[in-house]
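First the structure, in the form of structure tokens, and then the observations on it.
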Amino acid sequence: MIIDYRKSFALFVIAILATTNIFAQTQVKNERTREGIDVFLSQKTIENTELKRSKLLKNFGFSTSGVMVVATADRFYCIGYNTYVSRKVKGKKISSFCIIDEDVYFTSESTLYKIDTQNREQTVMKLPFSPQSLWAGKKLIYSSYYKKEGLLYAISPKEKIKKIIYKTDSPIICVEELGSLICVLTGKSLTIINIKDMEYREIPIDTKELGTPISMSADETRGIIYFSTNNGSYRISKGNVQKVCNETGQLCYDEDGLIIFNSTDPYLIRLQSNLLYGPPTIGVPIEIK
């Protein structure tokens, strides 16, 4: 579905034009509230745009080429620099989505679909359950289902196979790959799984002190795990938990920093690496509205 937005926006628009309406004329400006913080979406930037009237899903996707994707129940929005375009999904209701490389995978009820770089939509496979969430690994899709217990599935879209790899008594909130490890966030703990050796390490989360967990991401280069709660965003570094900022939402870490997407307010920001790994701080106050 996605082509490098920064270098090939014109080609992407041509591909989208074939099957959907676009809003290339709609300007969503990339602003900066202070040095080291990029704001891609905020209440101010989406005023008088289609996004202002849209109910966004909590999911957020980030492609290899750097395109940010959000969605409603029937439409994907590719957020670029100074503009966005949208692609309508006909006859289906998007319940969750994720991105592997440049391909978008999404579920409608119990069916997994794919939109490739040529904007072609195809059915990947039928699942025996309706996924509550999808998360992207490098090659695998992780999906959760909760009924009496939380089940974590690993799905290979290429081979069209699935396998339960983890069970828990709590609903699964987020899944993230950290090298060869799989990190699973629930409402009360972070579990690090070594699938090869079937070893588990569970790290309790003090919800009274930190808040209710929402999302997680990882800086693989530094081996640092970020997670968000209703009280803000944090990181686990050298065995310590440090508060990064007061903003919260779905997290994604890329080479330029930590991306935070909040579908309710809404806002989409990036805390750049020079801010995250600059002088020690107990929190970065950010005003988005």
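The values are calculated or read from the model by the stated rules, or taken from the named source; none is laboratory data. Quantities reported herein were computed from a predicted structural model and do not represent experimental measurements. Virtual Cβ from ideal backbone geometry, glycine too; neighbours counted across all protein chains shown.
Taking segment 55-96 as the region of interest, how many residues are more than 14 Å from the chain's Cα centre (by Cα), assigned to a loop (DSSP other than H, G, I, E, B) and of a type in the set (Phe, Trp, Tyr)?
The total comes to 1.
Could you pull out the residue among LYS163, LYS139 that is charged (D, E, K, R), surrounded by fewer than 17 Cβ atoms within 10 Å (Cβ to Cβ), within 18 Å of ILE100 (Cβ to Cβ) and under 16 Å from the mean Cα position of the chain (by Cα)? Before you say what the answer is, go through the steps one by one.
On the way: LYS163 fails: under 16 Å from the mean Cα position of the chain (by Cα).
Going through LYS163, LYS139 in turn, the sole match is LYS139.
Output the residue which, of all residues in segment 166-204 that are of a type in the set (A, V, I, L, M, F, W, C) and free of Cβ contacts under 8 Å to residues at least 24 places away in the same chain, is surrounded by the fewest Cβ atoms within 10 Å (Cβ to Cβ).
Keep residues of segment 166-204 that are of a type in the set (A, V, I, L, M, F, W, C), which gives 172-175, 178, 181-185, 190, 192-193, 195, 198, 203.
Of the ones still in play, those that are also free of Cβ contacts under 8 Å to residues at least 24 places away in the same chain are 181, 192, 198.
Details: LEU181: 17, ILE192: 16, MET198: 8.
So, considering only residues that are of a type in the set (A, V, I, L, M, F, W, C) and free of Cβ contacts under 8 Å to residues at least 24 places away in the same chain, the one surrounded by the fewest Cβ atoms within 10 Å (Cβ to Cβ) is MET198.
Here is a check on your reading of the model: is GLN250 modelled with pLDDT of 95 or more and touching a strand residue (DSSP E or B) at 6+ places or on another chain (Cβ under 8 Å)?
Values: modelled with pLDDT of 95 or more: yes; touching a strand residue (DSSP E or B) at 6+ places or on another chain (Cβ under 8 Å): yes.
When the stated conditions are applied, GLN250 passes them.
Do you know which of the residues in segment 78-95 that are surrounded by fewer than 21 Cβ atoms within 10 Å (Cβ to Cβ) and hydroxyl-bearing (Ser, Thr, Tyr) is nearest to GLU255 (Cα to Cα)?
TYR81
So that you can scan it fast, the table gives a plain yes or no per residue for (1) of a type outside the set (A, V, I, L, M, F, W, C); (2) part of a loop (DSSP other than H, G, I, E, B); (3) closer than 19 Å to ASP254 by Cβ:
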residue	(1), (2), (3)
CYS98	no, no, yes
LEU112	no, no, no
SER144	yes, no, no
LYS158	yes, yes, no
LYS167	yes, no, no
VAL175	no, no, yes
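Go through (1) more than 19 Å from SER156 (Cβ to Cβ); (2) in contact with a Pro (Cβ under 9 Å, 6 or more places away or on another chain) one by one and return the number of the condition SER143 breaks.
Failing condition for SER143: (1).
Please enumerate the residues belonging to segment 226-241 that are out of contact with any helix residue (DSSP H, G or I) (no Cβ under 9 Å at 6 or more places or on another chain) and either loosely packed, with under 15 Cβ neighbours inside 10 Å or on the phi > 0 side of the Ramachandran plot (or both).
ASN230, LYS238, GLY239, ASN240
I want to confirm something. Restricting to segment 114-136 and keeping residues that are under 20 Å from the mean Cα position of the chain (by Cα) and either in a strand (DSSP E or B) or small (Gly, Ala, Ser) (or both), which single residue is surrounded by the fewest Cβ atoms within 10 Å (Cβ to Cβ)? Show your work before the answer.
Filtering segment 114-136 for residues under 20 Å from the mean Cα position of the chain (by Cα) gives 114-117, 130-136.
Now drop any that are not either in a strand (DSSP E or B) or small (Gly, Ala, Ser) (or both), which leaves 114-115, 130, 133-136.
Working: LYS114: 17, ILE115: 21, SER130: 14, SER133: 21, LEU134: 23, TRP135: 22, ALA136: 23.
Among those that are under 20 Å from the mean Cα position of the chain (by Cα) and either in a strand (DSSP E or B) or small (Gly, Ala, Ser) (or both), it is SER130.
For segment 60-67, does any single residue satisfy the condition of being in contact with a strand residue (DSSP E or B) (Cβ under 8 Å, 6 or more places away or on another chain), surrounded by fewer than 21 Cβ atoms within 10 Å (Cβ to Cβ) and free of Cβ contacts under 8 Å to residues at least 40 places away in the same chain?
We begin by selecting, within segment 60-67, every residue in contact with a strand residue (DSSP E or B) (Cβ under 8 Å, 6 or more places away or on another chain); these are 60-63, 66-67.
Okay, now just the ones that are also surrounded by fewer than 21 Cβ atoms within 10 Å (Cβ to Cβ), so 62, 66.
Imposing the further condition that a residue be free of Cβ contacts under 8 Å to residues at least 40 places away in the same chain reduces the set to none.
For segment 60-67, residues in contact with a strand residue (DSSP E or B) (Cβ under 8 Å, 6 or more places away or on another chain), surrounded by fewer than 21 Cβ atoms within 10 Å (Cβ to Cβ) and free of Cβ contacts under 8 Å to residues at least 40 places away in the same chain: absent.
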